[in-house]
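Heads up: the structure comes next, in structure tokens.
The values are calculated or read from the model by the stated rules, or taken from the named source; none is laboratory data. Bear in mind the structure is a predicted one, so any value in this text is a computation, not a measurement. As a convention, Cβ positions derive from the backbone with ideal geometry for all residues, glycine included, and neighbour counts pool all protein chains shown. For the accessible areas, the whole protein counts, side chains as well, though only heavy atoms, and no ligand, DNA or RNA atoms are used. Shrake-Rupley method; radii C 1.70, N 1.55, O 1.52, S 1.80 Å.
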Amino acid sequence: MKEFKIVNNIEEMGRAGAAVIAAAIREKPDLVLGLATGSSPISLYKELIRMHKEEGLDFSKVRTVNLDEYVGLTADHPQSYRAFMNENLFNHVNIDINNTHLPDGMAENLDEEVAGYDKLVGELGGIEVQVLGIGPNGHIGFNEPSDEFSNHTLVVPLTNETIEANSRFFSGADEVPRKAITLDIKHIMQAKQIVLVATKNKEAILREALQGKITPQVPASVLQMHHAVVVVFSAEE
Ligand code: F6R
């Protein structure tokens, strides 16, 4: 690990995370940026949008690869991760939408879809900077607690804990898809740099992940082995 920053609130968390991303984009305008959804990175994306609008941060050549997508939600479903990304980032910056990639949760053949996603990341040359949140059970992407660290894009059944945690975005737990496609731990670990943002409600799991045993039962614990992770922790939820 490289850096652990504690900041006062979510806005500061967003600013600190976005500063890392913006610096990387300025250094390499066609950066391959790995993106996450969920509550945690929203303030980071807000700050990137502000930097685009007020400081001319240029996304025109940036390529993005999202970590995950629910299986069974169409791209225009309000809770699909494609819709989330459009709404929270892509629609507000000058990114070429053809350069933005998410797994297709509606693919007829999911085996082909996951193999295709691995191939795509390979063709892009791998992820250069990866944005991460952390799930209450230590998941990153949708790599749920498991007996081994995943090493290729995969379809995963969501745990009850994740279904419960994500039900806040749906009309109820019954509406939450039961499966998702996720980029694997190996691809995440191959990112040259990682920015993990987490708020106060994740304090216990973050501590376990960063200071406890490295185990696939706490998927984020693998980050202890990455040499360039910046963790930004907001002391407020
Ligand atoms: C979503 C993702 C997940 C979330 C995690 C935390 O793309 O990668 O691992 O980062 O579930 O979600 P929030 O931030 O909503 O608590």
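Structure summary
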{"quantity": "In sequence order, calculated HN-Hα J values of region 6-15 (Karplus, 6.51, -1.76, 1.60; Hz; x Gly/Pro)", "calculated": "9, 10, 6, 8, 5, 5, 5, 4, x, 5"}
{"quantity": "Accessible area per residue in Å² at 1.4 Å probe, computed on the chain", "calculated": "45 Å²"}
{"quantity": "Other-chain or far-sequence residues with amide H under 5 Å of L132's (modelled H)", "calculated": "V195, L196, V197"}
{"quantity": "Net charge dipole size for the chain [Lys, Arg +1 and Asp, Glu -1 on Cβ; Debye, nearest 20]", "calculated": "740 debye"}
{"quantity": "Helical contribution to [θ] at 222 nm, DSSP H n ≥ 4, -39,500 (n - 2.57), averaged over the chain, rounded to 500", "calculated": "-9500 deg cm²/dmol"}
{"quantity": "Normalised contact order of the chain, rounded percent, pairs of Cα under 8 Å and 6 or more residues apart", "calculated": "27 percent"}
{"quantity": "Of the GluC sites (Glu not before Pro) in region 143-179, those whose Cβ has at most 10 other Cβ within 10 Å and which sit in DSSP loop", "calculated": "E148"}
{"quantity": "Net length gained if the chain between E148 and K2 were fully extended (0.36 nm per residue, minus Cα distance)", "calculated": "50.1 nm"}
{"quantity": "Vicinal HN-Hα couplings computed from phi for region 45-60 (Karplus, 6.51 cos²θ - 1.76 cosθ + 1.60; Hz; Gly/Pro x)", "calculated": "5, 4, 5, 4, 5, 4, 5, 5, 6, 9, 10, x, 4, 9, 9, 4"}
{"quantity": "Accessible area of H226 in the full protein assembly, 1.4 Å probe (Å², nearest 10)", "calculated": "10 Å²"}
{"quantity": "Estimated FRET transfer efficiency (R50, K28; beta-carbon r; R0 22 Å; 0.05)", "calculated": "0.55"}
{"quantity": "Spin-label model distance (nm) - E11 vs K119, 7 Å beyond Cα toward Cβ", "calculated": "4.7 nm"}
{"quantity": "For region 87-97, Karplus couplings with θ = phi - 60° (6.51, -1.76, 1.60), whole Hz, Gly/Pro x", "calculated": "5, 8, 8, 4, 5, 10, 10, 8, 7, 7, 4"}
{"quantity": "Accessible surface of the chain [probe 1.4 Å, protein heavy atoms]: carbon and sulfur percent", "calculated": "48 percent"}
{"quantity": "Listed pairs K46/K213; K28/K186; K28/K213; K2/K213; K53/K179; K5/K119 exceeding 28 Å between Cα atoms", "calculated": "K46/K213; K28/K213; K53/K179; K5/K119"}
